[in-house]
Amino acid sequence: MGQKTRQWDIFCKVVDNFGDIGVCWRLAKQLSHDEHQQVRLWVDDLHSLHQIEPAIDPSLQQQHLQQISICHWDAQSTFETIAEVVVEAFACGLPDAYLARLQQRHAPFCWINLEYLTAETWAEDCHAMISPHPRLGIPQYFYFPGFTDKTGGLFREQDLLARVRLFQSNPAMIDDFWQRIGVNPPAPGEKIISLFAYENESVMALVDALSHQSAPTRLMVTNSKIRNSLQTGLETRGFPQNCLQTGQSLQIGALTITFLPFLHQDEYDQLLWACDLNFVRGEDSFLRAQWAGKPFVWHIYAQDENAHLVKLDAFLTRYTHQLPSDLQQVLRKCMHEWNEHQLAAETISTLLGRYAEYLTHAVFWQKTLEKQPPLARQLAQFSENRLK
Ligand code: TRH
């Protein structure tokens, strides 16, 4: 049975990077397209949204795209109407004028605090907890995305897996994709690896490992912070300054390094589907790599006191527990070295040596996660139960 259509306001603040807006844009589309909800997305920085979705005009205070109303907000914004369901993404803080309207509202409403994705078990305990706003006393629900049925589930479009599988089984679609993003299609037999990461000086170990492989490899470097680390590393090896130009390639032994432009979010998804191995980061690309059903290496967003390494281990424990213990160790070593900026070339070679098993596991994991209802479906049901 379909959900009742409700009005939704999603508030997003762009702190840095693209993860927060990337997730909120997906949530808005999934609620609107798959759950038939009426969505307004409030964003404080439309330039970031424009980068992942170029159809957005960053100069407009309000616009409509894909049945979603997209509005600019800041602390001074005023609000003529407020919605039945309010999603405050990643503790961004609702503007005062909106809070004042919420306080005056007599009809039922549901205030959701959308939290970051974590595999840590405490997320199960905290999911769906209700807590009054400290100053206003208005109840807020904490909503934790997660990998188990005791959490709020994972973001995905209802037709995502069908699209992934169609794309991956269709060489013409894949060739067309490379052409659309301005890249020569990889040669038959060439291994393709995408690289999206924060700064990491140990990236040259990846270059060393790949350049010495027996089979040719293509490294598709996204337009992200890792490109600076790669440029610096290449300069220490005698390559000229600014040797990394978008759209161009560089040959080192068996390795071709290609520099990509910043892609639209839909194109970035397809990059993940098309590659054999994906280096991903943060939250959104990390999850999309899992939906791609391909092996990946995660560069997690760093937190104070190395809290991110606990989060990394919690995920690895969940992700690898069905693998033989030696392969578990290979994945754990690789992701730890990468996150601690100490990647060794040998670690990557060992990982590639176990590629076939890792691929089988990535497909198994994708199918396991697919059994969960999508997050937007669960969230719509969750809020409906609290509005009735
Ligand atoms: O950009 P990120 O590092 O975002 C991070 C994390 O979400 C982190 O949890 C959060 O606390 C911090 O921001 C503030 O990585 P993430 O989450 O993978 O988001 C990147 C988004 O950018 C994702 O939606 C994919 C998109 N993207 C493109 O659209 N085009 C591109 O070319 C690339 C490389 C990415």
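The values are calculated or read from the model by the stated rules, or taken from the named source; none is laboratory data. Here the structure is a predicted model, which is why all the values come from computation and not from measurement. Cβ coordinates were reconstructed from backbone atoms using ideal geometry, including for glycine residues, and neighbour counts include every protein chain displayed. All accessible areas refer to the heavy atoms of the entire protein, side chains included, with ligands and DNA or RNA removed. Shrake-Rupley method; radii C 1.70, N 1.55, O 1.52, S 1.80 Å.
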For this session: May I ask you to list the residues in region 268-298 that are among the charged types (D, E, K, R) and over 13 Å from the mean Cα position of the chain (by Cα)?
Result: Asp276, Lys294
For this session: Look through Ala289, Ala362 and report the one residue that is over 17 Å from Val203 (Cα atoms), in contact with a Phe, Trp or Tyr (Cβ under 9 Å, 6 or more places away or on another chain) and within 14 Å of the ligand (Cβ to nearest atom).
Result: Ala289
Problem set entry | Any hit, region 309-331, residues being touching an Asp or Glu at 6+ places or on another chain (Cβ under 7 Å) and not in a helix (DSSP H, G or I) | no
Problem set entry | Hits in region 107-123 - residues which are closer than 19 Å to Lys311 by Cα and open to solvent by 50 Å² or more (accessible area, probe 1.4 Å) | Tyr116, Thr121, Trp122
For this session: Scan region 302-322 for residues that are aliphatic (A, V, I, L, M) and open to solvent by 50 Å² or more (accessible area, probe 1.4 Å) and jot them down.
Result: Ala302, Val310
Exercise. In this structure, does Ser48 turn out to be within 16 Å of the ligand (Cβ to nearest atom), in a helix (DSSP H, G or I) and open to solvent by less than 50 Å² (accessible area, probe 1.4 Å)?
Worked result: yes
Seminar exercise, completed: Checked against (1) under 22 Å from Leu287 (Cβ atoms); (2) assigned to a helix (DSSP H, G or I); (3) open to solvent by less than 60 Å² (accessible area, probe 1.4 Å); (4) out of contact with any Lys or Arg (no Cβ under 6 Å at 6 or more places or on another chain), Leu352 satisfies every condition except (1)
Exercise. Taking only pairs six or more apart or across chains, which ones have beta-carbon atoms under 8 Å, a first residue in region 4-25 that is among the hydroxyl-bearing types (Ser, Thr, Tyr), and a second residue that is open to solvent by 20 Å² or more (accessible area, probe 1.4 Å) and in a loop (DSSP other than H, G, I, E, B)?
Worked result: Thr5/His36
Exercise. Can you name the condition, by its number, that Tyr301 falls short on among (1) over 20 Å from Arg156 (Cα atoms); (2) touching a residue at least 12 places away in the same chain (Cβ under 8 Å); (3) more than 11 Å from the ligand (Cβ to nearest atom); (4) in a loop (DSSP other than H, G, I, E, B)?
Worked result: (3)
For this session: Scan region 191-229 residue by residue and report those that are away from the ligand (no atom under 15 Å from the Cβ), part of a loop (DSSP other than H, G, I, E, B) and open to solvent by 30 Å² or more (accessible area, probe 1.4 Å).
Result: Glu201, His212, Gln213, Ser214, Ala215, Pro216
Problem set entry | Out of Gln63, Gln104, sole residue that is farther than 30 Å from Tyr319 by Cβ and either of a type in the set (Gly, Ala, Ser) or open to solvent by 50 Å² or more (accessible area, probe 1.4 Å) (or both) | Gln104
Exercise. If a residue has to be within 25 Å of Glu267 (Cα to Cα), more than 16 Å from the ligand (Cβ to nearest atom) and out of contact with any strand residue (DSSP E or B) (no Cβ under 8 Å at 6 or more places or on another chain) to count, how many in region 1-39 make the cut?
Worked result: 4
